[in-house]
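Have a look at the structure below before the remarks.
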Amino acid sequence: MGKWFRWLWLFLFIAPFSSGWGQPINRILIPQMENYELDIQNTYREYQKIYYEKKSSLAELRAFEDIISIYVSQILEIYETLSLSGFGELETPRDIAARALIYRALIYLEKAPLNLEYFEKACYDYYRALAMFDNVDTIPAIFKRLPEPILVGAKEYNRLIDVIDHKGSELYAFGKVNLYLRNFKITTNLDIDNMEFVRIECPIDKKKYTYYSAGNLIKETFKKVLSNDGQSSTFLALPEGSYFIRPKTNNKASRHIFLSALYVRANQQHDYVVEPLVDWFIMYENPSTKKPRFTRSTTDNLSSIEGNGKNSKREDRKKSSNKSDAMEKLIVLSEITNSCLEKVDINLIFNIKDPWIRNKFTTTVAEVIYSQVETLNFHNCWSKWMLSWIIAKEVTQKFSPDTEVPTELIKLVYHCLKNI
Amino acid sequence: MKKNGTFIISLILLFALKLSGLIAQEMNYDNCWKSQQYTTLLDTMLKVMIVPIEDTYKQHDFIQTFGCAYEEDDIEQNSIRAVYRAIIQSIRNRKVSLRDDLDKILESKPPRPDNLAREYSIYVNIPTQQEPKPARYEIKILDLEAVATIESEKAVWTRIVTRFAYKEDFNIAPIAEHTPSEFVNVMEQAQIILKGLERKKFSKLKKMIFIENEAIVFPRSIAELKFGDSMTLFDEVDSYKTYPGIYLGKGIFTCETPDDGVVICKFGEERLFQLRIDTNSFRRTTPHYAELNYQAPESILECIFLKFCHEKPTRLPYLGGIN
């Protein structure tokens, strides 16, 4: 009896400690992140109040921006700690971190009409938030339902994408440029401090968005490259246009500008590789365009290599069998949509349980995807999730106008796009 | 009157000088393969490859091969590459295969024009009816010289002699060929292509890389692309319209365009002409450049690229609003 009692006592003594040791770090840190997020939401609400109602001074607004930046950096630090520690799922902390960045972007967007530099700042936060989902298949936080709805102006929003859609259309005037520096060697002769990043001025540019951060970011990346095994990377948020890097001392007609030119189109992502070339460097894009698979066949391949754009066999065939070709593609797309329906919760997409309605729904999705794939959006949209959002909006408009775009529908379109 | 005459003559002289200056400026990119200071590495190689193998070596079953390199901005690295190419040529000529990691051997004891690392010993596999037989292989570097050429100021060429260390291995090995350097042949072919490109002779280039042949390799990304690989570009607005393109190196390629004829671009510039690269369409129809790891000289690529860059638009065409 005494022996049993000793064991029981030992168990009772050790149990609280063992549960303390076993408690994962994320159980402590995630609630902390959630608290900070709540603070950010409150600050955002206050910011709107003092901006629109009290018409406060810029200094006061600045103070609010600083406060929100502190919360954001705290959240990002915790997120980094969690991702480095490798404890548990990263989905919740990633979502909180992304939302925090989007909130700050929204604050910057409020003030941007007064100071155009804030569009650029907002863009960096927006891109950073979306980049967190670059290598994962989970839906970005921006499309997910918020833990608590937020009040923007007089309207309540349940998802950040709806707020961005309403307030952040100016963000789409920028393009994202990912720079990957590689193959730089210790012998590479570059005067980094003597470089300047310049935009080719064009009279058709409507609004003079800024690109102040780009120059410094490029210099920092170049400085890192030699201490980092010849490789380094960064990303830039640049308004649409053409840019180049040149040595400050050389004149404008320097040959360097042609080698280091980069071209940015609005609302697109460009991956640029930077490599040394003779005594300077070359910046070239890493092409990512793939023609949709359902438009390719063996015969396509042959004619495309031979083609000169004017009398290719493909074009002749296009004229004769345009309709049947389109029908064929629509059937393929409908099949893809049908198979992808299994990957999402169809109960959350309108009311499509009835076979006839379901059939009509898949046809509508296929038609809208087809119309987008055949237009510029397919090649120009910089993220499959963003394109899914555009398509899902159009499907909602056709299928159930004046309702919120279902998140599951965005997921469905994303899976379809991945399969073509 | 005399004063006026002198004035006019001096004006004409001044104008002529100015004009010659301007021409000289443009001449930099007029002929990428011409230089007042340097000759091409190919010319250098064609001269040195005439040198016959010494009788002493010939009598002792040595064979002579050549190698050269210009890719790196470093004489030591180029020396390693040049010797590597010469040894690999010798291995090909003997119809044997490498057993050792040649790269590591050369890196650990790098050959340089100014040091005394001149002899190496490696192991090769001699093909036999049964299992391949390992054999020791002797390498002697007879010449290793750094030369400033149009391709690179730090180019290196080498002449080596090689043989089996033991007579019995020599006796069972296949009869050796005496090709001095296949790499030089490839360099010659590539030089013709690059010279043709300076005059935008795209059809000649298409013939030389057998663009219509069946592909032997399908590179999956630009990182896998080698000189002479082909690709398809399609119109951004009407994706049915396609145009051929050929990769040259360092992100530079040449292609046909809807309205501007043949252009030489870096990746991303095709969009200036309303085109997109279909990354599913990368094809290799000629294996030689990839097999011998040929890379077009950076100086030539830069020159060809810059030669025509003034003709390009500076801004992407407007294709309508994007949601």
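The values are calculated or read from the model by the stated rules, or taken from the named source; none is laboratory data. Only a predicted model underlies this, so the values are computations on that prediction, with no experimental measurement involved. Note: ideal-geometry Cβ built from the backbone for every residue, glycine included; neighbour counts use all protein chains shown.
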> From B:Lys200, B:Lys226, B:Lys204, which residue is away from chain A (no Cβ under 11 Å), closer than 16 Å to B:Ile304 by Cβ and in a loop (DSSP other than H, G, I, E, B)?
Replying inline: B:Lys200
> Taking the stretch A:262-289 as the region of interest, how many residues are outside any loop (DSSP other than H, G, I, E, B) and free of Cβ contacts under 8 Å to residues at least 24 places away in the same chain?
Replying inline: 5
> So which residues in the stretch A:179-196 are surrounded by fewer than 18 Cβ atoms within 10 Å (Cβ to Cβ) and either in contact (Cβ under 8 Å) with a residue 60 or more places away in the chain or among the polar types (S, T, N, Q) (or both)?
Replying inline: A:Tyr180, A:Arg182, A:Asn183, A:Lys185, A:Thr187, A:Thr188, A:Asn189, A:Leu190, A:Asn194
> Of the numbered conditions (1) more than 7 Å from every other protein chain (Cβ to nearest Cβ); (2) in contact with an Asp or Glu (Cβ under 7 Å, 6 or more places away or on another chain); (3) buried (at least 19 other Cβ atoms within 10 Å of the Cβ), A:Pro247 satisfies every one except a single condition; which is it?
Replying inline: (3)
> Residues in the stretch B:257-268: is at least one over 21 Å from A:Pro276 (Cα atoms), touching a strand residue (DSSP E or B) at 6+ places or on another chain (Cβ under 8 Å) and among the charged types (D, E, K, R)?
Replying inline: no
> Taking interchain pairs and intrachain pairs at least six residues apart, which have beta carbon atoms under 9 angstrom, with the first residue in the stretch A:239-259 and in the same structural domain as A:Phe281 (by TED's automatic domain parsing) and of a type in the set (Asp, Glu) and the second surrounded by fewer than 19 Cβ atoms within 10 Å (Cβ to Cβ) and at pLDDT below 75?
Replying inline: A:Glu240/A:Asp205
>> So for the stretch A:86-96 (the condition being closer than 29 Å to A:Leu58 by Cβ, surrounded by 18 or more Cβ atoms within 10 Å (Cβ to Cβ) and of a type in the set (Lys, Arg)), does at least one residue qualify?
In response: no
> Condition test on A:Tyr126, is it hydroxyl-bearing (Ser, Thr, Tyr), modelled with pLDDT of 90 or more and closer than 24 Å to A:Tyr79 by Cα?
Replying inline: yes
>> Condition first: buried (at least 18 other Cβ atoms within 10 Å of the Cβ), under 26 Å from the mean Cα position of the chain (by Cα) and part of a helix (DSSP H, G or I). Now tell me which residues in the stretch A:327-345 satisfy that.
In response: A:Leu333, A:Ile336, A:Thr337, A:Cys340, A:Leu341
>> Residues to consider are B:Lys34, B:Lys47; find the one that is more than 14 Å from chain A (Cβ to nearest Cβ) and assigned to a loop (DSSP other than H, G, I, E, B).
In response: B:Lys34
>> For the stretch A:394-420, give me each residue that is out of contact with any Phe, Trp or Tyr (no Cβ under 9 Å at 6 or more places or on another chain) and either farther than 18 Å from A:Asn158 by Cα or without any contact (Cβ under 8 Å) to a residue 24 or more places away in the chain (or both).
In response: A:Glu394, A:Gln397, A:Lys398, A:Pro401, A:Asp402, A:Leu412, A:His415, A:Cys416, A:Lys418, A:Asn419
>> So, in the stretch B:283-304, how many residues would count as being more than 7 Å from every other protein chain (Cβ to nearest Cβ), in contact with a Lys or Arg (Cβ under 7 Å, 6 or more places away or on another chain) and over 16 Å from B:Ala223 (Cα atoms)?
In response: 1
> If you take the residues in the stretch B:234-256 that are at the interface with chain A (Cβ under 9 Å from one of its Cβ atoms) and under 23 Å from A:Leu277 (Cβ atoms), which one is surrounded by the fewest Cβ atoms within 10 Å (Cβ to Cβ)?
Replying inline: B:Ile252
> Which one is nearest to B:Thr128 (Cα to Cα), of the residues in the stretch B:66-101 that are surrounded by 22 or more Cβ atoms within 10 Å (Cβ to Cβ) and of a type in the set (Gly, Ala, Ser)?
Replying inline: B:Ser90
> If you go through the stretch A:67-82 one residue at a time, do you hit one that is part of a helix (DSSP H, G or I), of a type in the set (Gly, Ala, Ser) and either in the same structural domain as A:Trp385 (by TED's automatic domain parsing) or farther than 23 Å from A:Ala173 by Cβ (or both)?
Replying inline: yes
> Is there a residue in the stretch B:241-248 that is more than 20 Å from B:Glu198 (Cα to Cα), touching a Lys or Arg at 6+ places or on another chain (Cβ under 9 Å) and among the aromatic types (Phe, Trp, Tyr)?
Replying inline: no
>> When you scan the stretch A:367-380, do you find a residue that is of a type in the set (A, V, I, L, M, F, W, C), in a helix (DSSP H, G or I) and away from chain B (no Cβ under 14 Å), even just one?
In response: yes
>> So, restricting to strands (runs of 3 or more DSSP E) that lie completely within the stretch A:130-231, which ones have at least 2 residues that are among the aliphatic types (A, V, I, L, M) and assigned by TED's automatic domain parsing to the domain that holds A:Ile410?
In response: none
> Applying the selection to the stretch B:120-133, what residues are surrounded by 12 or more Cβ atoms within 10 Å (Cβ to Cβ), part of a strand (DSSP E or B) and not hydrophobic (A, V, I, L, M, F, W, C)?
Replying inline: B:Tyr120, B:Tyr123, B:Asn125, B:Lys133
> polar (S, T, N, Q), facing chain A (nearest Cβ under 9 Å) and surrounded by fewer than 21 Cβ atoms within 10 Å (Cβ to Cβ): does that describe B:Asn280?
Replying inline: yes
